[in-house]
Amino acid sequence: MTAPEVFEAVRPYFLERYGNPSSMHSFGGKLARDVAVAREKLAELLGATPQEIIFMSGGTESDSTAIMSALATMSDRREIVTTRVEHPAVLNLCKHLARTKGYVVRWLSVDKEGKLNMDEVRSQITDQTAVVSVMWANNETGVIFPVREIAEIAYERGALVHTDAVQAVGKIPMNLDSSSIDFLSLSGHKLHSVKGVGALYIKKGTRFSPFIIGGHQESDRRGGTENVPGIVGLGVAASLALQELNPAGLRMRRLRDRLQKGLLEAVPRARVNGNLESRLPNTLNIGFEFVEGEAILMRMDDKGICASSGSACTSGALEPSHVLRAMGVPFTAVHGSIRFSLSRYTTEEDIEYVIREVPGIIEFLRSISPFGRENFDAACTIH
Ligand code: PLP
């Protein structure tokens, strides 16, 4: 949800403070200062400097801008290294670049816990690599990748490094000042800001080529009138996230672990997808075997429980999740995999309610599934 503090801070920018920050008059000039304050707050959350931040329309634009800039400034190199489990914002861009521009994409695989193989990372990044794009944390399983370590390897081979940190920013500390990461993408709505705003961090000294060309906004790095309400909201959201980072992280982890334990104890043939140690504190992906994820989502929705099967951004399609397939999650569990995302607003009551309601939903769906109750029991003994 949008943080109430963000909503209150943003409201006046639709009513009294609706000017354009690039205008010469003082009405607009005040807004330019408000944008600058938001940039400082976001930089503080990342451990960056304000000059290293460009505001954008969201995570997707930020991902595209970073990768396209890296390819433009490294034009003598034609290879991209990325993972098979990226969000479509990176995955589909890389496929598009391979198809339409002839780039060679080296896809890093993951193991059954969703982790990368560092030997493979070392062998795939070469002196032909223009950019390595590896997400900070996976949006479906919450598994955290060793982006700093990967950045060191890329740095030695002269490649640029981008990370899609849309899921990680505000959930775990970043401290970019001590890393070799060139570009980092984030999105406002994952930080309880409003939708339609995001940002790109570009490390000081990294060469940059703009993706959206137009006016002189964002120091000539991104054309287009600034989304002032969104930017101000993102600044407030970043401050709140920084204040809450440690206490909220601990609370979410405790509640998430309680949810995991409660569901695993109450539902037979259920398994966690993703590594248990290196995982965001707010994410739980559980595969309920022999049941259809969309049916679980609908029944949960009737009870007021919102979750997603596969990625929320793609669950309009009934394709099994590319992330779970890349992890080799068995066919019997991939379709019934559900991602629960907690936030700092999730309460103990919410978690207890889910633990009470979900087992009955799974039980019911299994009883009416083509497997049938008896066949389900039989299948359990066979597998
Ligand atoms: N990257 C990741 C990991 C995401 O989870 C999302 C959206 O949820 C995006 C990119 C796209 O962000 P946006 O919707 O702000 O464009």
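The values are calculated or read from the model by the stated rules, or taken from the named source; none is laboratory data. Fair warning: this is a prediction, and the values are worked out from it, not measured in the lab. In this analysis, Cβ positions are derived from the backbone assuming ideal geometry, glycine residues included, and neighbour counts consider all displayed protein chains. Each accessible area value is taken on the protein alone, full model and side chains, heavy atoms only, with ligands, DNA and RNA left out. Shrake-Rupley method; radii C 1.70, N 1.55, O 1.52, S 1.80 Å.
Each helix, a run of at least 4 DSSP H residues, gives -39500 (n - 2.57); summed and divided by the residues of the chain, these come to -14000 deg cm²/dmol at 222 nm. For S109 and L264, FRET efficiency with R0 = 35 Å and r from the beta-carbon atoms, rounded to 0.05? Calculated transfer efficiency: 0.85.
Once neighbouring chains are kept in place and the probe is 1.4 Å, which whole percent of the accessible area of the chain is contributed by carbon and sulfur? Percent of accessible area from carbon and sulfur atoms in the chain: 53.
Cα gyration tensor of the chain, axes a ≥ b ≥ c as square roots of the eigenvalues: rounded (a/c below 1.5), prolate (a/b > b/c) or oblate? Numbers along the way, then the final one.
On the way: a/c = 2.20, a/b = 1.40, b/c = 1.57.
In terms of gyration-tensor shape, oblate.
Excluding the site residues themselves, the longest part of the chain lacking any GluC sites (Glu not before Pro) in a DSSP loop with at most 11 other Cβ atoms within 10 Å is 17-276. Using only alpha-carbon positions in the stretch 82-147, the gyration tensor eigenvalues give semi-axes of 20, 15, 9 Å once each is multiplied by 5 and square-rooted (largest first). Computed on the stretch 227-343, with alpha-carbon pairs under 8 angstrom and 6+ residues apart, the relative contact order is 28 percent.
In this calculation the C-beta distance from R78 to R253 is compared with R0 = 56 Å, giving a FRET efficiency of 0.85.
Taking Cα atoms only, the orientation of helix 26-46 departs from the longest principal axis of the chain by about 50 degrees. With R₀ fixed at 41 Å, the C-beta to C-beta distance from E292 to M1 puts the FRET efficiency at about 0.90. Would you mind checking the tilt of helix 372-382 against the longest principal axis of the Cα atoms of the chain, expressed as 0 to 90 degrees and rounded to 10? Roughly 80 degrees, rounded to the nearest 10. Projecting the Cα atoms of I213, S123, L365 onto the dipole axis of the chain, where Lys and Arg carry +1 and Asp and Glu carry -1 at the beta carbon, places I213 farthest toward the positive end.
Is any residue of the stretch 1-21 close enough, with backbone N under 19 Å, to a label point placed 7 angstrom from the Cα of T225 along the Cα-Cβ axis, and if so, which? Of the residues in the stretch 1-21, 10-21 have backbone N under 19 Å from the label point off T225.
When only Cα pairs under 8 Å and 6 or more residues apart are kept, what is the percent relative contact order across the chain? Please report the intermediate quantities before stating the final value.
On the way: 720 pairs, mean separation 73.1, N = 383.
RCO, the chain: 19 percent.
Listed by chain and number, the lysines whose alpha-carbon sits under 24 Å from that of K115, ignoring those within fewer than 8 places in the same chain, are K95, K171, K190, K261. Heavy atoms of the protein chains alone define the surface here; on that basis the chain has 44 Å² accessible area per residue at 1.4 Å probe size. Maximal additional length on extending the R271-R356 stretch stands at 28.8 nm, based on 0.36 nm per residue less the C-alpha distance.
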